[in-house]
Amino acid sequence: MKFNKTRNKVFGAIFIFIVVVAFFFYPTKYYLEVPGSAEDTSQFVKVAGKHDQKKGNLLLTTVGIVNGTPFTLLKSVGNNFETIYSQQELMGDETNEEYLRVQQYYMKSATNNAIQAAYSKADKPFTKKYLGVYVMDVMDNSDFKNKLAIGDTITSINGYHFNNADQFIKYVKKQNKKSTVKIKFTRDGKEKTASGKLVKLADTKRFGLGITLTDNTEAKGKPATKIDAGSIGGPSAGLMFTLQVYSQIANKDLKAGRTIAGTGTISPDGTVGPIGGIEKKVYAASQEGATVFFAPDDPVTKLIKKYEPGYVNNYHLALRAAKKIHTKMKIVPVKNLNDAINYLEKTKQSK
């Protein structure tokens, strides 16, 4: 009897230990978006083979995505700077690897746009090379389902080379719906080929490859600029990379010894667009000692209000976040690249 009691106590202790470990460490199918880091863009950018040596910092800001455990999910409830997402909400039907590939493409696109916007503003020459169509998704009914993967770049179809995604789509439209087509594509720098039949595209009367695509381009300027963001993905560093490249190729000291942070997508024409998780980025920038934070001042249109009545734009979300953490960091609204440059030029005079 005494042995049974001892054994039950041991089993009970083991059970409690397993429950405690699971509570703190067991991964769930939920993720936490948390404040990430604020990184000096000069470490990622080289112009004519050199990093920027001017005093001060232009910081890109990130969010962190971490797998939630029961403990971290419970702890995040009520935290203004941690948001819970299901795997479906965060990644859709993509696998972790596919999600990361798409994020890397968004970063590549952002750096290309940054080069174009910066060189245009500085009135410096640049070229834009078309690489092909980037595969964003492959539909389940596609004959290329196990032949193409997210991240591949299609360079030709039936030997036909195209200059943009529209030309590619128009060419496919002209093919007989029973056609078998041969494509060339690149994956991880290697050229490959695949053949497959066209399939009916969902919610249309058209036939196609059954993929979601976008243009894949490469911008190069004179003097040569190289941006290597490493493992950082997504499009939101566009504005800060543009400021860094512009300050170097135009030989402008925008920093003037200051620590300046910000976020926002960038278009080749210099338009700044909204991003997600701006509250976490404000937090990260403040922790890094930034005194200025550029926030996209995206317009809230009637169409947006119709489908999302409670929509708040990036600038006002950033203001709310700054107030919550009681930071002295100045939140500056920007609609385009000129807004950011003009602010920095004007305020460095009074520094």
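The values are calculated or read from the model by the stated rules, or taken from the named source; none is laboratory data. Note that this is a predicted model, so its numbers are computed, not measured. As a convention, Cβ positions derive from the backbone with ideal geometry for all residues, glycine included, and neighbour counts pool all protein chains shown.
Brief remarks follow.
- Residue in the stretch 199-208 that is under 27 Å from the mean Cα position of the chain (by Cα) and surrounded by fewer than 17 Cβ atoms within 10 Å (Cβ to Cβ) present: no
- Residue ID - surrounded by the fewest Cβ atoms within 10 Å (Cβ to Cβ), chosen from residues in the stretch 78-121 that are among the charged types (D, E, K, R) and outside any helix (DSSP H, G or I): Asp93
- In the stretch 322-341, the residues that are out of contact with any Pro (no Cβ under 8 Å at 6 or more places or on another chain) and under 14 Å from Thr242 (Cβ atoms): Asn336, Leu337, Asn338, Ala340, Ile341
Table: residues versus (1) in contact with a helix residue (DSSP H, G or I) (Cβ under 8 Å, 6 or more places away or on another chain); (2) touching a residue at least 12 places away in the same chain (Cβ under 8 Å); (3) surrounded by 21 or more Cβ atoms within 10 Å (Cβ to Cβ).
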residue	(1), (2), (3)
Gly36	yes, yes, no
Thr41	yes, yes, yes
Val45	yes, yes, yes
Ala48	no, yes, no
Leu58	yes, yes, yes
Ile65	yes, yes, no
Leu73	no, yes, no
Ser76	no, yes, no
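- Selection from the stretch 129-140 of residues that are within 21 Å of Lys108 (Cβ to Cβ) and surrounded by 13 or more Cβ atoms within 10 Å (Cβ to Cβ): Tyr130, Leu131, Gly132, Val133, Tyr134, Val135, Met136, Asp137, Val138
- Being of a type outside the set (A, V, I, L, M) and in the same structural domain as Ala114 (by TED's automatic domain parsing) holds for only one residue in Gly189, Gly238, Gly151, Gly210, and it is Gly238.
- Unique residue being hydroxyl-bearing (Ser, Thr, Tyr) and within 19 Å of Ile150 (Cβ to Cβ) when the list is Thr69, Thr95: Thr95
- Evaluated against (1) touching a residue at least 40 places away in the same chain (Cβ under 8 Å); (2) closer than 24 Å to Lys129 by Cβ; (3) not β-branched (Val, Ile, Thr), Gly196 falls short on exactly one condition, (2).
- Sub-9 Å Cβ pairs linking a first residue in the stretch 160-175 that is in the same structural domain as Thr193 (by TED's automatic domain parsing) to a second residue that is of a type in the set (D, E, K, R) and in a loop (DSSP other than H, G, I, E, B), at least 6 apart or interchain, are Val172/Arg206; Lys173/Arg206, ordered by first then second residue.
- Scan of the stretch 132-177 for residues that are under 19 Å from Val102 (Cβ atoms), of a type in the set (Phe, Trp, Tyr) and more than 26 Å from the chain's Cα centre (by Cα), ordered by number: Phe144
- Residue within the stretch 206-218 that is farther than 30 Å from Lys178 by Cα, in contact with a Lys or Arg (Cβ under 9 Å, 6 or more places away or on another chain) and not hydrophobic (A, V, I, L, M, F, W, C) present: yes
- Search result, residues across the stretch 160-198 that are out of contact with any strand residue (DSSP E or B) (no Cβ under 7 Å at 6 or more places or on another chain), surrounded by 12 or more Cβ atoms within 10 Å (Cβ to Cβ) and either charged (D, E, K, R) or in a helix (DSSP H, G or I) (or both): Gln167, Ile169, Arg187
- Checked against the criteria, Ala290 counts as touching a residue at least 40 places away in the same chain (Cβ under 8 Å) and buried (at least 20 other Cβ atoms within 10 Å of the Cβ).
- Breaking point among (1) at pLDDT 95 or above; (2) closer than 20 Å to Ile232 by Cα, for Ala322: (2)
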